[in-house]
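The structure under discussion appears below in the form of C-alpha cells.
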Amino acid sequence: MRKIAVITGARSEYGILRQLLNLLKASTDIDLNILVTGMHLSPEFGNSRLEIIKDGFDPVAEVESLLSTDSEVGVAKSIALGILGLTEELSRIQPHFTIILGDRFEILAAAIAAAHTNSILVHISGGDIASGVLDNYYRHMITKIAQVHFTSSKASMERVLLMGENPEMVFITGSLAYDELLHLDTPKRNELAKELNLQEEKPWGLMVYHPTRSVNESKIEFNAIQGALTRAMEKIDFQIVLLFPNADPGSRGLISDLKEQKNSNWIIHENVSREIYIGLLKESKFLVGNSSSGIVEAPALGLPVLNIGKRQAGREKGGLIVDLEPDLETILNYILKFIKDKETSQIKNKSSSPYGDGHAAPRILNKLLEIPIERNAYPSDFYDNTDLVSALRKIKSLDFKSFSQRSMSVFDILNIKK
C-alpha cells in the first residue's frame, strides 16, 4: 500500500484538491494522510478546517503556522513555523509521497519539510505564473524541490521542463479546478440567497481580490474596484459579494476597508465553501478582482471577468476575460455593461480550454499508482529539455479528451520514444 500525505494550507487550494482527495480516500491501494495548516486554522480567515472535517476527511495533524501579521517578515516567520511543525509530522508519518498544490508560502514550507524527511514530493500546478507577487517565487522554488510534477496546461509543462526537471516525471493533466465544475452539486439561486443574505431578484456580482507585493499598488487597484462598484450601485440596484483576500502581506488593510462598508448591497464574507463559491460563479453577472479563479474556473462557466492589474499577466486565457488597469471609470463602464447586457453576461466559451476537461483527478491518481515509491529512483539531476520544449511548442493546442484518464508526459504528447 502506498502511503500518501496531502498538505493543505488555504481554502482556495483545498477546494481544488477535493476531488483528488475523494479518489485517494476511496482507493484501497492508498493510505491517505491529510495535514492541515496555515489559514485553515485561523478564526480570522474563517477556520476552514471545519469544512474539511464536514466533507468527511479526518486530518491526521493540524500544524499551527500562521502568525497574525501583515508584513513580509511575518510571512517568513510563518514559513519557519510551518517547516518546524510539518517536518515533525512528516517524520512521524513517513509517507512515500507528499502532495502539495500551488504557490502559497505554507506550501513552500511543506515542500522543504518533505525534502528533508525523505518523502517524494508531488507538486500540482507547477509552471503557472502570477506576476508581481511572492507566490511566483514560491511556486518555482517548489518546482525545483519536487520530484513529480502534474501541470495544468501545455505552457505550464513547458516552463517546468525548461527549469531542468526530469521529463519522465513531468505530466500534463489539466487543472483540478475543472474537476469540481463537472462533478460538484452546487446550491440553487434561492439557496444561495438564503445562505448569503442575498436578494434573489437582484443581479449579483462577485469580487475576489488578493494583495500584490506592492502595498501601494494593491491599495490603488482595490480602491479603483471599490469606487467603481459604489458608482455602479448608484445607477443600478445590484448586490456584490466580497470575499476576504488571502493571508498575504497587506491583506489585513484590505480586510479593514471591506469591513467599513455599510451599504446593505455589499455582502462581505471571510470564507465560503467550495459549493457556494462555484454556485456564485454560476449565478453572478461578473467577477472582478485578480483571482486565478477568474482565469480558470469562471470562463468555463461562461462568467465575464474583469481582471485588474498584472497579477495574472501571462496566463493562458479563454472565455470573456477583460484585462484592465485600475482605472475607476473603465471598470465602472464594464460593470454596467455586464449587468445590463444579457448576451455578454450569459456568454459560453465553446472553444477548448487550455486547462483541461475536468478529469485531472483520475489522471493524477492513476499515475501515483504507477510511479516508483523508492526515493532513490528520483535523482536531482538537471535535464536540458530545450529540444523537447521546442518540439512541444510546435503543437498549438491539446485535445484533452484523447488523454482519456492518462497523465501525459512530453514523450507521450510528441509520440516519441527515448
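The values are calculated or read from the model by the stated rules, or taken from the named source; none is laboratory data. Please read these numbers as outputs of a predicted model, since none were measured by experiment. No Cβ is skipped: glycine too gets one built from the backbone with ideal geometry, and neighbour counts run over all protein chains shown.
General remarks:
- Test set (1) on the phi < 0 side of the Ramachandran plot; (2) within 21 Å of the chain's Cα centre (by Cα); (3) surrounded by 21 or more Cβ atoms within 10 Å (Cβ to Cβ); (4) not charged (D, E, K, R) - A313 fails condition number: (3)
- Qualifying residue in region 198-209 (condition: in contact with a Pro (Cβ under 7 Å, 6 or more places away or on another chain) and closer than 28 Å to E72 by Cα): yes
- Region 90-112 - residue that is modelled with pLDDT under 95 and of a type in the set (D, E, K, R) and, of those, surrounded by the most Cβ atoms within 10 Å (Cβ to Cβ): E106
- Against the test of being farther than 21 Å from L254 by Cα, crowded, with 20+ Cβ neighbours inside 10 Å and out of contact with any Gly (no Cβ under 6 Å at 6 or more places or on another chain), the options T87, T8 yield a single qualifying residue, T8.
- Residue in region 253-295 that is farthest from E195 (Cα to Cα), counting only those that are free of Cβ contacts under 8 Å to residues at least 12 places away in the same chain and among the charged types (D, E, K, R): E260
- Extreme residue, farthest from M157 (Cα to Cα), among residues of region 358-382 that are touching an Asp or Glu at 6+ places or on another chain (Cβ under 9 Å) and surrounded by fewer than 17 Cβ atoms within 10 Å (Cβ to Cβ): L369
- Being closer than 23 Å to L134 by Cβ and at pLDDT 85 or above is a description that applies to I295.
- Some residue of region 244-267 being polar (S, T, N, Q), touching a His at 6+ places or on another chain (Cβ under 9 Å) and either farther than 30 Å from K77 by Cβ or not assigned by TED's automatic domain parsing to the domain that holds S125 (or both): yes
- Residue that is modelled with the highest pLDDT [pool: residues in region 68-78 that are surrounded by fewer than 18 Cβ atoms within 10 Å (Cβ to Cβ) and of a type outside the set (G, A, S)]: K77
- Residues satisfying the stated conditions in region 370-402, i.e. farther than 15 Å from V170 by Cβ, within 24 Å of the chain's Cα centre (by Cα) and either among the hydrophobic types (A, V, I, L, M, F, W, C) or not in a helix (DSSP H, G or I) (or both): S397, D399, F400
- Failed item in (1) at pLDDT 95 or above; (2) among the small types (G, A, S); (3) surrounded by 13 or more Cβ atoms within 10 Å (Cβ to Cβ), with S390 passing the rest: (3)
- Yes/no for R92 being among the charged types (D, E, K, R), under 29 Å from N22 (Cα atoms) and touching a strand residue (DSSP E or B) at 6+ places or on another chain (Cβ under 7 Å): no
- Qualifying residue in region 135-158 (condition: out of contact with any Cys (no Cβ under 8 Å at 6 or more places or on another chain), surrounded by fewer than 19 Cβ atoms within 10 Å (Cβ to Cβ) and under 22 Å from H40 (Cα atoms)): yes
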